[in-house]
Amino acid sequence: MGDALTDMPTQRPASSWRRMTHLELAALPSAVACARLHAKAVALEWGLPALAENIELIVSELVTNSIRAAHHSRGAGLTVAVVRLWLSCDLSGFLIRVWDGSSQMPVRQDPGPDDESGRGLMLVEDLSSDWGAYQDTDGKVTWALMLYPFLQWQATDDGRCGH
Ligand SMILES: Nc1ncnc2c1ncn2[C@@H]1O[C@H](COP(=O)(O)OP(=O)(O)O)[C@@H](O)[C@H]1O
Ligand SMILES: [Mg+2]
């Protein structure tokens, strides 16, 4: 397992990832579908078909939240509110990060059976190994880390993350 990944999921230099992508989207409702499609394509391209659906769901929840937050704060110097999505993987896990220009931090809710909202971060928690948020330049990043099942994944020679 990659020690750096498990110890510091959010603070590794870009060069330490086997694969990384970055997508910037205007903070419009249509961005959710774009982010989902992108995440699915990336998961398949990186050899992780078994994780694609859960990656899509997590990306969808985090981007939806960030779009809503971005409407309250654009981020310094930006004329159009944007959200940013980074996907990274190595041989031990897959990391999803979503930036928005709001400094307000996400708070996981504890909804009752009749509550219609407050379930997004619960789902993220269920589908990921760990998640969190940290303040970042002019806003914050919400992240979710998916560690691969122990020993299920093997190193490959072609830079893919799956087996
Ligand atoms: N990116 C974010 N920026 C600011 N606040 C957030 C963000 N994501 C989540 N939150 C806060 O955490 C709460 C819980 O989020 P979530 O579980 O997705 O439920 P919901 O989106 O239905 O409110 C939100 O209502 C919001 O107050
Ligand atoms: Mg939500």
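Before moving on, here are some points about what is shown:
- Count of the stretch 108-130 residues which are without any contact (Cβ under 8 Å) to a residue 40 or more places away in the chain and in contact with a helix residue (DSSP H, G or I) (Cβ under 9 Å, 6 or more places away or on another chain): 6
- Checked against (1) touching a residue at least 12 places away in the same chain (Cβ under 8 Å); (2) surrounded by fewer than 18 Cβ atoms within 10 Å (Cβ to Cβ); (3) within 10 Å of ligand 1 (Cβ to nearest atom); (4) over 16 Å from Pro29 (Cα atoms), His72 passes all but a single condition, namely (4).
Okay, residues lined up against (1) among the acidic types (Asp, Glu); (2) within 17 Å of Ile58 (Cα to Cα); (3) in contact with a strand residue (DSSP E or B) (Cβ under 6 Å, 6 or more places away or on another chain):
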site	(1), (2), (3)
Leu85	no, yes, yes
Gly112	no, no, no
Arg119	no, yes, no
Ser129	no, yes, yes
Met146	no, yes, yes
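- For the stretch 99-136, a tally of residues being surrounded by fewer than 15 Cβ atoms within 10 Å (Cβ to Cβ), near ligand 1 (Cβ under 6 Å from one of its atoms) and among the polar types (S, T, N, Q) returns 3.
- Residue in the stretch 142-155 that is modelled with pLDDT of 90 or more and touching a Pro at 6+ places or on another chain (Cβ under 6 Å) present: yes
- The sole residue among Arg108, Arg97 that is of a type in the set (D, E, K, R), more than 23 Å from Glu24 (Cβ to Cβ) and outside any helix (DSSP H, G or I) is Arg108.
- Counting residues in the stretch 2-23 that are among the aliphatic types (A, V, I, L, M), out of contact with any His (no Cβ under 8 Å at 6 or more places or on another chain) and at pLDDT 95 or above gives zero.
- Residue pairs meeting the criteria (Cβ under 7 Å; at least 6 apart or on separate chains; first in contact (Cβ under 8 Å) with a residue 60 or more places away in the chain and within 16 Å of Ala52 (Cα to Cα), in the stretch 81-105; second within 16 Å of ligand 2 (Cβ to nearest atom) and not in a strand (DSSP E or B)): Leu85/Ala35; Leu85/Val59; Leu85/Val63
- Condition check for Pro111: within 12 Å of ligand 2 (Cβ to nearest atom) and either among the aromatic types (Phe, Trp, Tyr) or over 16 Å from the mean Cα position of the chain (by Cα) (or both): yes
The values are calculated or read from the model by the stated rules, or taken from the named source; none is laboratory data. This one's a predicted model, so the numbers in the text were calculated from it and none came from an experiment. So basically every Cβ, Gly included, is an ideal-geometry build from the backbone, and we count neighbours across all protein chains shown.
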